[in-house]
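Novice: Before I ask anything, let me first share the structure, which is written out below as structure tokens.
Coordinate-derived values only; no laboratory data. Since the model is a prediction, treat every value here as computed from it, not as a measurement. Cβ atoms come from the backbone with ideal geometry, glycine included; neighbour counts cover every protein chain shown.
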Ligand code: NAI
Ligand code: MG
């Protein structure tokens, strides 16, 4: 798998120096002096050294964020704040190449994907949010008060920043997840302590430099790279944090909710999924095959909304499996900086072990691979794009999130039974429906318990669309107008006349 890869000077410069924590506008070492290493998952080689924050650093960062809440940041008018947020989007695009390369080196994903998706989506999120800064208005209300006959009031609502926000993000879209979190927090006037994933801290650290360059005052955004059990847990527990926003596993999401109870901080969670992608016989079957392939293989399958359960109406089952099998077999897997690469390695040894363990469980439970089915020998954490058949509803591969390029394909006959199977999951993040029958599509869209339902499409992300989960896929929504509610308190002001 070894290839000669080239990268921009800026990328090399960023990875060649030890990276630090950002607290109160200052880049510093951790209090403990500890550091950790981040790896290129395509080779297993050390990529960069990063300061390792823990509880003590979180203390300092929360204090800095608290101080900044009442500083120059609070005095900016909404238009000024919006323009700064907008400038962050501009700076992301000005540094697209470097950010894409950092993303590829740290996470493994193909640079073409990072350039086409991660980077512009991150910029767009800031541009979209910037427009909201001047529109965070309350309303005027004429209250009726039954026990005060004849009394008149003038009442209105104010929307205020929730305060100091702790944000904990995963490694699958490191830059984009930072954008999803920071965009609404800054737009609403909050201050932030962000903890990137230990596997992929680099792009968030580079983004933080761009945020400084955009004119965000010191202390408004603090970044503490470090591990979940130390830095992450300290942030989720901290009594000086008013809200915690988390994206990651459902398992850790439950811990975050518990850790937040000390001061009843607000909690929003964007967690795992086991999303059904459904193909009816009357669909444009070729488009559905391509959509099913993209739905599972995009970003190595390391996507919370990956379409990992494929339900195909019986009479098209063989054709769809055949099409998907050849799509899987034709994917060029390699180093993400190799321009020919279509799929990179998994992010880490841990994720590689997890996905390959699911592949062996699948084999033991009788799932048959029509494509892939195992790891790829050699350096780096590569696995084959995999299509599994002979899967039953109770099988592990149908129930549990694999978070890798592994899809389970199953036939169905009856729509009611299909709807029941589609909803037979603890998760409810996303779904896909492929059909030319619009009535069927809309009826099913209503029945599926998921935060996003795609019809004749898959993996459509936009800053304008709310994204999040039903059931154990999470609490609250990211993006769109809805996310702003996560970052604001509403105050009713009542004036007796
Ligand atoms: P994770 O949920 O452990 O990590 C996500 C973030 O949470 C990281 O920043 C991590 O440092 C932090 N964290 C971990 N333990 C914590 C704790 N006790 N308190 C506070 N913060 C903590 O995810 P992990 O272990 O990297 O991956 C395991 C599985 O989670 C994956 O195989 C996948 O199924 C799922 N996952 C889902 C994601 C999503 O987008 N919904 C993203 C990443 C993983
Ligand atoms: Mg974990």
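Novice: Grab the Cα-Cα distance for residue 375 and residue 227, subtract it from 0.36 nm times how many residues apart they are, and report the gain in nm with one decimal. Walk me through the intermediate numbers first.
Specialist: On the way: separation 148, 0.36 × 148 = 53.28 nm, distance 2.70 nm.
Taking 0.36 nm per residue and subtracting the Cα distance, the gain is 50.6 nm.
Novice: Same structure, new question: Please report the projected area of region 404-497's Cα convex hull averaged over all directions, in nm².
Specialist: Working: hull surface 39.5 nm².
Reported value for the Cα convex hull: 9.9 nm².
Novice: A further question on this structure: Volume per residue, Å³, of the convex hull around the alpha-carbon atoms of region 221-309? Could you put the intermediate results ahead of the total?
Specialist: Values: hull volume 11.6 nm³, N = 89.
Taking the convex hull of the Cα positions in region 221-309, it is 130 Å³ per residue.
Novice: Expressed as a rounded percentage, what relative contact order does region 276-462 have, with Cα pairs under 8 Å and six or more residues apart? Mind showing how you got there, number by number?
Specialist: Numbers: 358 pairs, mean separation 53.1, N = 187.
Computed value for region 276-462: 28 percent relative contact order.
Novice: Just the number, please: percent antiparallel of the DSSP beta bridges in the chain, rounded to the nearest 5.
Specialist: Numbers: 30 of 69 bridges.
That works out to approximately 45 percent antiparallel.
Novice: Something else: Pairing the Cα long axis of helix 96-107 with the longest principal axis of the chain, what angle in degrees results, from 0 to 90 and rounded to the nearest 10?
Specialist: In the chain, helix 96-107 runs at an angle near 60 degrees to the longest axis.
Novice: Find how much the distance from residue 158 to residue 74 grows on full extension, using 0.36 nm per residue of separation minus their present alpha carbon separation; answer in nm with one decimal.
Specialist: Numbers: separation 84, 0.36 × 84 = 30.24 nm, distance 1.50 nm.
Once the chain is fully extended between residue 158 and residue 74, it gains 28.7 nm.
Novice: Let me see the pair-distance distribution of the chain: every alpha carbon pair, 10 Å bin width, integer percents in order.
Specialist: Taking all Cα pairs of the chain, the binned fractions are 4, 20, 28, 25, 15, 6, 2, 0, 0 percent.
Novice: If one computes the Cα centroid of region 33-55 and of region 480-497, what distance in Å separates the two points?
Specialist: Measuring centre to centre over Cα atoms gives 41 Å.
Novice: Can you compute the helix-only [θ] at 222 nm over the chain? Use -39500 (n - 2.57) per DSSP H run of at least 4 residues, normalise by all residues, nearest 500 deg cm²/dmol. Walk me through the numbers on the way to the answer.
Specialist: Numbers: 17 runs with 184 residues, N = 497.
For the chain, the value works out to -11000 deg cm²/dmol.
Novice: Okay, moving on. Could you list 27, 73 so that the one with the fewest beta carbons within 10 Å of its beta carbon is first and the one with the most is last? The partial results should precede the final answer.
Specialist: Working: 27 15, 73 21.
Neighbour counts put them in this order, fewest first: 27, 73.
Novice: Hey, what angle do you get for helix 314-330 against the long axis of the chain, alpha-carbon based, 0 to 90 degrees rounded to 10?
Specialist: So the inclination is approximately 80 degrees.
Novice: Only counting other Cβ atoms within 10 Å, I'd like 95, 426 sorted with the fewest neighbours first. Write down the numbers at each step before the final one.
Specialist: On the way: 95 21, 426 15.
Ordered by Cβ neighbours within 10 Å, fewest first: 426, 95.
Novice: How large is the translational diffusion coefficient of region 60-145 in µm² per second when you combine the Kirkwood radius over alpha carbon pairs with Stokes-Einstein at 37 °C and 0.692 mPa s? Walk me through the intermediate numbers first.
Specialist: On the way: Rh = 15.5 Å.
The estimated diffusion coefficient comes to 211 µm²/s.
Novice: Report for region 276-462 the percent antiparallel among DSSP-assigned beta bridges with both residues inside it, nearest 5. It would help to have the intermediate numbers written out before the result.
Specialist: On the way: 4 of 24 bridges.
Counting only bridges with both partners in region 276-462, antiparallel ones make up about 15 percent.
Novice: Here's another thing I want to ask about it. If each residue's Cβ is checked for other Cβ atoms within 10 Å, how do 442, 86 rank with the fewest at the top? Before the final figure, lay out each step's value.
Specialist: Details: 442 12, 86 20.
Final ranking by Cβ density, sparse to dense: 442, 86.
Novice: A follow-up question, please. What nm distance separates the two modelled labels at residue 350 and residue 363, each placed 7 Å from Cα along Cα→Cβ?
Specialist: Output for this residue pair reads 2.5 nm.
Novice: Which value, in Å³ per residue, describes the convex hull spanned by the Cα atoms of region 86-221? List each step's numbers first, then the result.
Specialist: Working: hull volume 17.5 nm³, N = 136.
Spread over its residues, the Cα hull of region 86-221 gives 128 Å³ apiece.
Novice: Starting with the highest mean, order 449-456, 354-361 by the number of other Cβ atoms within 10 Å, averaged over the residues of each peptide.
Specialist: Numbers: 449-456: 20.5, 354-361: 17.1.
Packing order, densest peptide first, comes out as 449-456, 354-361.
Novice: What's log10 of I(q)/I(0) for region 276-462 at q = 0.11, 0.17, 0.19 Å⁻¹, Debye sum over Cα points only, no solvent?
Specialist: -0.43, -1.05, -1.30
Novice: How far apart, in nanometres, would the label points at residue 423 and residue 258 be if each is projected 7 angstrom from Cα along the Cα-to-Cβ direction?
Specialist: About 3.0 nm, to one decimal.
Novice: Measure out, as a whole number of angstrom, how far apart the alpha-carbon centroids of region 401-458 and region 349-372 sit.
Specialist: Cα centroid to Cα centroid, the span is 23 Å.
Novice: Between residue 392 and residue 34, what length comes free when the chain is fully extended (0.36 nm per residue of separation minus the Cα-Cα distance, one decimal in nm)?
Specialist: Gain on stretching residue 392 to residue 34: 124.1 nm.
Novice: Could I ask something else about it? Please provide three numbers in whole Å: the alpha-carbon extents of region 17-103 along the principal axes, with the largest listed first.
Specialist: That gives 48, 34, 16 Å along the principal axes, largest extent first.
Novice: To continue, here is another question. For helix 174-187, report the angle its Cα long axis makes with the longest principal axis of the Cα atoms of the chain; keep it between 0 and 90° and round to the nearest 10°.
Specialist: 30
Novice: A further question follows. With no solvent and one point on each alpha carbon, what is the Debye value of log10 I(q)/I(0) for region 97-143 at q = 0.14, 0.17, 0.29, 0.30 Å⁻¹?
Specialist: Results for region 97-143 at q = 0.14, 0.17, 0.29, 0.30 Å⁻¹ read -0.49, -0.58, -0.96, -0.99.
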